[in-house]
Amino acid sequence: MNATPNYLQPNLPHNLQKFQIPIVVATEESVKGYGQLISEANACKIEITRWPAQGWRPVDTDSGDEGGTKEGIFSSEWKGDLLYGKNEAVGGHYILGYAKLPEACKEDHSETPQSILLWHANYHPDGGQLFFPLQDQPYLVPVALPGDDIQPENFICFLVPANKGLYIHANIWHEGVFAIKGKQRFLDKQGAVHARVSVDFAREFGCLLEIDLSKLPELILG
């Protein structure tokens with residue numbers, strides 16, 4: 001993608017195909033390579049990527065990673081068939097996903113969503129990111145391993161227990177953090193540079209990634 005996405009008015013094509021991605025329960029083992037589960041937000045150190053060298057001379061080892069971090073509240077809220085995200089740390093406001101094909105979505109109801117359709121994802125090359133829940137509810141984070149030749153089949157969706165935060169490394173594809181229903185709030189902490197590389201599934205692949213909420217393990221949902 002070359003143009004900056006319009007996150008609140010993506011104007012997606014109609015009649016898109018759905019590509020279902022697997023739901024994986026987040027454990028210490030399953031999140032390896034993507035990041036780690038966090039028990040205490042204050043104990044999590046955000047990795048900052050050192051600024052790349054422009055030629056054969058290396059960046060001094062005591063420099064290039066001093067941009068620091070930003071933190072704030074990330075809210076994920078269903079309004080009818082639309083899932084909105086708001087990231088106070090970087091001033092972002094987005095449509096994260098849909099419960100139905102976008103052209104059929106309405107906001108004037110409170111039905112429990114049966115699926116989440118994801119249209120976009122990104123990664124941050126400048127540093128890692130932490131999502132830590134402020135409510136006692138499980139949540140979802142779709143992710144894929146690094147690489148710009150990303151494909152829909154590379155994605156999975158972590159189902160994260162209510163008492164754990166999820167930290168993801170730099171360059172991990174993701175799209176915020178998803179409430180299963182209603183509204184959830186999270187502490188978000190990430191690199192202050194906030195470089196972003198995006199993929200638009202609707203326009204690049206003619207599909208939306210589907211997370212089937214009927215397949216969530218009943219044990220974790222309670």
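Just so it is clear, none of the values below were taken in a lab; they were calculated from the coordinates. None of the values given here were measured: they were computed from a predicted structure. Note that each Cβ is placed from the backbone with ideal geometry, even for glycine, and that neighbours are counted across all protein chains shown.
Less than 10 Å Cβ to Cβ from S75, Lys/Arg counted +1 and Asp/Glu -1: what total charge do the surrounding residues give?
Its environment carries a net charge of 0.
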Leading residue at positive end of dipole, the stretch 13-71 (Cβ point charges), from A43, T69, N15: N15
Coordinate range along principal axes, alpha carbons of the stretch 136-208, Å, largest first: 36, 29, 18
Förster-model FRET efficiency, 45 Å R0, E29 and C105, C-beta, rounded to 0.05: 0.80
The chain: most fluctuating residue of A144, A53, A104 per GNM, C-alpha cutoff 10 Å: A53
Of the chymotrypsin sites (Phe, Trp or Tyr not before Pro) in the stretch 1-106, those whose Cβ has at most 12 other Cβ within 10 Å and which sit in DSSP loop: W56
Three principal axis lengths of the chain [C-alpha, angstrom, descending]: 56, 38, 30
Mean projected area (nm²) of the alpha-carbon convex hull when the stretch 87-149 is viewed from all directions: 6.6
The stretch 22-60 versus the stretch 153-190: alpha-carbon centroid distance in Å: 14
P(r), alpha carbons of the stretch 55-183 - 10 Å bins starting at zero, rounded %: 11, 38, 33, 12, 4, 1
Radius 10 Å from Cβ of E111, net charge of other residues (Lys, Arg +1; Asp, Glu -1): +1
Rg(Cα) / (2.2 N^0.38 Å) computed for the stretch 171-211, rounded to two decimals: 1.48
Fluctuation leader among A43, A162, A26 - the chain, Gaussian network, Cα springs under 10 angstrom: A43
Descending Cα extents along the principal axes, the stretch 1-76, whole Å: 52, 36, 27
Proximal charge balance of S198 [Cβ under 13 Å; K/R count +1, D/E count -1]: -2
